[in-house]
Amino acid sequence: MRACERAAMTLPVFMLPPAQEGLSDREFLDYLRAYLSGTLSVLHEEQRFAKCNGVDACRCYSEAMDVVLRALHERGRQRFLSVTPDLEYRMAVVAVGGYGRKELCPKSDIDLLFLHPRKLDRYVEALTEWMLYPLWDLGLEVGHSVRNVKETVRMAAADDSIRTALLDYRFIAGDEPFFGDAEKEIEKFLFYSDADKFIEKKIREMRNRHAKFGSTVYVLEPNVKEGRGGLRDLHTAIWTARIKYKCRTLLDLRNKGVVGSNTIRAIHHGLSYLLRVRNELHILTGKKTDVLTFEVQEQMADLFRYRTFGEHYGVERFMRAYYMHAASVAHLADELLEEVDRFLPEGGRKPFFSIHRKTMAGAGILYRGKLSLKDSSSFHKDPVSILEFFRTMQKTHSVLSVEAKKQIQRALPAAGQEFREDPRAGRLFLEILSDPHWVRETLLAMNECRFLGRYFSEFAPLYSKVQRDIYHVYTVDIHSIRAASVLSGLENADRRTKEEEEFLKIYRSVSRKDLLNLAILLHDIGKGKGQGHSRIGAEIVGRIGPRMGLSESEVADLVFLVENHLLMAHTSQRRDLHDIELVLSFTEVVTTQPRLDQLYLLTYADLREVGPEVWTQWKAMLLAELYDKAKNILETGKLKRVYEERPLQRRQQVREWLSAFSRAEVDRYLSRFDDRYFLGTPDGRFSDHLRLLSGFDGTAPRVEAVDYPESGASELNIVWKDQRGLFAKIAGTLSVNGINILNATIATSVDGVALDTFYVNYLGKSLEGDDKKERVLQDLSAVLRGETTVEQLVAERKIARFVREKVSRYRPTKVVFDNSVSSRYTVVDIFTYDRIGLLYDITRTLTGMGIDIALSKISTKADQVADVFYLTDRGLGKITDEGRLEEIRAALLEAIGE
């Protein structure tokens, strides 16, 4: 019985008029188009209302495509024979790949093999052409090859991708007796020609694929086909098992005792879910796509009927369900591959691990790099033995067998509060964190078996917890685990950058690496428990520490690191590092050099594992600057020293650096700007600034770029007459050109000349060698001279968008004022979602309200921004009046669009 009939679907019936030979090619094509369109519409509705599953929908669409191909084949054959006598022309149309498996999704490729006996003849050429052109006219993506049997085998032997596609061959139309003969030769090749080598290649290919798409199920934008726990994992496992045991189908594998009926049902369930997700993706996007991007996740949640209740978003529940299914698929694939691996010959295998059975301490048996159980009863009697088993895994650099994972999960109920408070467990866990080898693999295995959330019950809610922003790559649990293994990874790296060497040097000086790594592992443990996850996390680790047997001082350090894990990133990226009061305030929180070192390392590890674009050279430079300044203060032991003499000392330094200029030039320069400018300007920049100022005659702006490719940024210096809205004009012009502003400082001389400095990058890099740089400099000069306006530039150009705007906005825009961080300025933090022209609208609004901007720090993380401005009310200093602050807040929210 057909899958379509089993699902009781009301599919269109393919029924051409009796005199189909009288139909024109256009009429025939229109009929085929209507038939396929009607089929897809019905399948879409049936699947959406859960009347059929993903497997049945794909099979029905595949069978509908079979009907179309047979009709095309018959029409072409009749056309050919009407003018050419039948000389027993022979050809078979064969489906391969996903179409051969009957897993055809709405926008999948139609993979075809036109198989013929010997030489290519007129019949094969004509029929192939008459079938392919209508398929292309129907808008279908067709992958095809025309080969005889020997060519097919030879090409498959030379190209693994061809051999893989051939594994799922299926007869569609043509000469069936000829196909039957060819099938024997093809199967003989598939199952007996270098079969074991091919299996090992497919397994290696799967591992490489995992490395490319994320070696875990829990990436925030998973690839349904190629990612871990995706369709390709199941395909690879089934292909290798079929080849090893010489079987055509899963039922054949069951009949040979390779897999049980329950496993087949589980495979069918996982396959059906993933295919349904893929079907919906294709329909939703209108193209062949396999990635569950943020743009489609909320729509997918609606299609799968996940609703939002309070703070529990439907999209988060949908993604958690996806992760659960994908994890199950990954487990099933591992189980089947393990069965295959048992019988692969040892001689040709690369000896990563010992290939002999070896009994380990405790309950472990190591064989072929996999750790199995000798006796699972110990897990139930003493759950600490589970931790001992994981420690053995770490020491042997092995992976857990599928059966070992099952036994650990079955023993989890025995791991209760008594186990969590057992000092042996605490010592073992810290021992695992202190060992620099195989930390990530061990923690990931714990998490996969759900053991990590059992030992730290507070960690359990983080399992597969989605982080709703673009810049995070992993779920909270996986991010935490990866971050906790960053520093140990530095110790094991074959090659290290200069930056990594510096971090490693500090890490080696830490006396309790296990406690530092524990803090990194638990730094986000407060997420999902309300506002202020740092504070909540600190309370949680304050309970976990004593439970693990830590001393009072060790618990205090753990609490400090978790509570302040965002402090260094926040301070370095969003505050004025040239404000000595700020640095003093920061060191008063940190208090000691060891805590500073550990907080620095934690911040580095956290940012490194947020996502590939989050840790940048610019952020590294800012973080290092804060670390060095705080370290200098802590080492001198003079946290409260007076800094009145510092401005005078700085001016004397500047005079010495400018010895190449005349005394009169230097005197005038020093008299024109205030102390803040000299204290905040980097040491090597004064001569360039003086040169620019000396060349400014008041008639034309001076605009110059200095590139710092090593830090991934360029410095733009603009000298022009001070005026209202100058900052907004510059920011708007940069925005029009797609330039990302990292930081901006504003200095105004006593005689009304503005010297504004912007640190920028383009696509994450400096402007060095980029054609964009000259265009930006020209636009800045034109806008400042009044030859054009920002609005005209916006209207003239189609602005390239690098921000993905379709992501749902879960966080409301916030405007937060702070009058405590600086004695001279009111600081405003603006948190919102990025868009083209945002910074221009903000700065133009502030200028229009009579607000002067002294400093701006811009932090953009993909779709979200945290813009910081140091402000004064023109002529009045800091803004302290609550009514005035509310007026500014309302104006900013309106400008942002809230």
Requested in this report: Would you please name the residue that is most open to solvent (accessible area, probe 1.4 Å), looking only at residues in segment 655-673 that are in contact with a Leu (Cβ under 8 Å, 6 or more places away or on another chain) and more than 17 Å from residue 750 (Cβ to Cβ)?
Outcome: 655
**Report entry** From 364, 453, 416, residue being under 33 Å from the mean Cα position of the chain (by Cα) and open to solvent by less than 30 Å² (accessible area, probe 1.4 Å)
**Finding:** 453
Query raised in the report: On the given criteria, is residue 440 charged (D, E, K, R) and either closer than 19 Å to residue 543 by Cβ or open to solvent by less than 30 Å² (accessible area, probe 1.4 Å) (or both)?
Result: no
Report task. Evaluate the following for residue 62: is it crowded, with 20+ Cβ neighbours inside 10 Å and at negative phi? Result -> yes
Report summary line: Flagged pairs (Cβ under 6 angstrom, 6 or more apart or on separate chains; first in segment 307-322, open to solvent by 10 Å² or more (accessible area, probe 1.4 Å); second assigned to a helix (DSSP H, G or I)) are 307/314; 308/314
Requested in this report: Say whether the condition of being more than 24 Å from residue 217 (Cβ to Cβ) and among the small types (Gly, Ala, Ser) is met by at least one residue in segment 394-409.
Outcome: no
Report task. May I ask you to list the residues in segment 257-284 that are free of Cβ contacts under 8 Å to residues at least 60 places away in the same chain and among the hydroxyl-bearing types (Ser, Thr, Tyr)? Result -> 261
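Being in contact with a strand residue (DSSP E or B) (Cβ under 9 Å, 6 or more places away or on another chain), modelled with pLDDT of 90 or more, open to solvent by less than 60 Å² (accessible area, probe 1.4 Å) and in a strand (DSSP E or B) narrows it down to one residue among 868, 828; which is it? It would help to see each step written out before you state the result.
Values: 868 fails: modelled with pLDDT of 90 or more.
Among 868, 828, only 828 is in contact with a strand residue (DSSP E or B) (Cβ under 9 Å, 6 or more places away or on another chain), modelled with pLDDT of 90 or more, open to solvent by less than 60 Å² (accessible area, probe 1.4 Å) and in a strand (DSSP E or B).
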Report task. Could you grab me the full set of residues in segment 249-264 that are in contact with a Lys or Arg (Cβ under 7 Å, 6 or more places away or on another chain) and open to solvent by 40 Å² or more (accessible area, probe 1.4 Å)? Result -> 261
Requested in this report: Search segment 22-37 for residues that are touching a residue at least 12 places away in the same chain (Cβ under 8 Å) and pair each with any residue that is of a type in the set (Asp, Glu) when their beta-carbon atoms are under 8 Å apart and the residues are at least 6 apart or on different chains.
Outcome: 29/137
Query raised in the report: When the residues of segment 291-302 are filtered to those that are at pLDDT 90 or above and open to solvent by 30 Å² or more (accessible area, probe 1.4 Å), which remaining residue is nearest to the chain's Cα centre (by Cα)?
Result: 291
Requested in this report: Answer yes or no as to whether residue 386 is open to solvent by less than 30 Å² (accessible area, probe 1.4 Å), modelled with pLDDT of 90 or more, outside any loop (DSSP other than H, G, I, E, B) and more than 24 Å from residue 237 (Cα to Cα).
Outcome: yes
Query raised in the report: Within the set of pairs 6+ apart or on separate chains, which have a first residue in segment 40-54 that is part of a helix (DSSP H, G or I), a second that is among the charged types (D, E, K, R), and C-beta atoms under 7 Å apart?
Result: 47/276; 54/276
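Rundown of residues vs (1) assigned to a helix (DSSP H, G or I); (2) surrounded by 20 or more Cβ atoms within 10 Å (Cβ to Cβ); (3) hydroxyl-bearing (Ser, Thr, Tyr), yes/no style:
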site: 424; (1), (2), (3): yes, no, no
site: 429; (1), (2), (3): yes, yes, no
site: 433; (1), (2), (3): yes, yes, no
site: 464; (1), (2), (3): no, yes, yes
site: 491; (1), (2), (3): yes, no, no
site: 501; (1), (2), (3): yes, no, no
site: 505; (1), (2), (3): yes, no, no
Requested in this report: Pick out, from segment 537-637, the helices (runs of 4 or more DSSP H) lying fully within it that include 2 or more residues that are among the small types (Gly, Ala, Ser) and in contact (Cβ under 8 Å) with a residue 40 or more places away in the chain.
Outcome: 567-574, 617-636
Report task. Considering (1) surrounded by 18 or more Cβ atoms within 10 Å (Cβ to Cβ); (2) among the β-branched types (Val, Ile, Thr); (3) over 21 Å from residue 101 (Cβ atoms), say which one residue 285 fails and leave the rest. Result -> (1)
Query raised in the report: Going through segment 212-236 one residue at a time, which ones are basic (Lys, Arg) and closer than 11 Å to residue 326 by Cβ?
Result: 228
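Regarding residue 711, is this residue within 26 Å of residue 743 (Cα to Cα) and under 47 Å from the mean Cα position of the chain (by Cα)?
For residue 711, the condition - within 26 Å of residue 743 (Cα to Cα) and under 47 Å from the mean Cα position of the chain (by Cα) - is met.
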Requested in this report: Would you please name the residue that is most open to solvent (accessible area, probe 1.4 Å), looking only at residues in segment 323-349 that are modelled with pLDDT of 85 or more and small (Gly, Ala, Ser)?
Outcome: 328
Report task. Could you tell me which residue of segment 6-39 is least open to solvent (accessible area, probe 1.4 Å), considering only residues that are modelled with pLDDT under 60, more than 18 Å from residue 276 (Cα to Cα) and part of a helix (DSSP H, G or I)? Result -> 20
Query raised in the report: Looking at 145, 108, which one is under 24 Å from residue 40 (Cα atoms) and hydroxyl-bearing (Ser, Thr, Tyr)?
Result: 108
Query - Boolean, residue 318 is assigned to a helix (DSSP H, G or I), in contact with a Phe, Trp or Tyr (Cβ under 8 Å, 6 or more places away or on another chain), at pLDDT 75 or above and not assigned by the TED database to the domain that holds residue 418 - result: yes
**Report entry** Which listed residue, of 781, 714, is surrounded by 13 or more Cβ atoms within 10 Å (Cβ to Cβ) and under 30 Å from residue 580 (Cα atoms)
**Finding:** 714
**Report entry** Exclusive hit being without any contact (Cβ under 8 Å) to a residue 12 or more places away in the chain and touching a helix residue (DSSP H, G or I) at 6+ places or on another chain (Cβ under 7 Å), set 155, 91
**Finding:** 155
Query raised in the report: In the set 138, 81, 120, 167, which member is in contact (Cβ under 8 Å) with a residue 60 or more places away in the chain and over 30 Å from residue 241 (Cα atoms)?
Result: 138
Report summary line: Checked segment 591-618 for anything modelled with pLDDT under 95 and basic (Lys, Arg); matches are 608
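Among the residues that make up segment 520-532, is at least one of them in a helix (DSSP H, G or I) and open to solvent by 10 Å² or more (accessible area, probe 1.4 Å)?
Looking for residues that are in a helix (DSSP H, G or I) and open to solvent by 10 Å² or more (accessible area, probe 1.4 Å), one finds none in segment 520-532, hence no.
The values are calculated or read from the model by the stated rules, or taken from the named source; none is laboratory data. What you see is a predicted model, and the numbers here were worked out from it, not measured in a lab. Quick reminder, even Gly has a Cβ in these numbers, built from the backbone with ideal geometry, and neighbours come from all protein chains shown. Ligands, DNA and RNA are stripped out before the accessible areas are found, and what is left, the full protein with its side chains, is counted by its heavy atoms. Shrake-Rupley method; radii C 1.70, N 1.55, O 1.52, S 1.80 Å.
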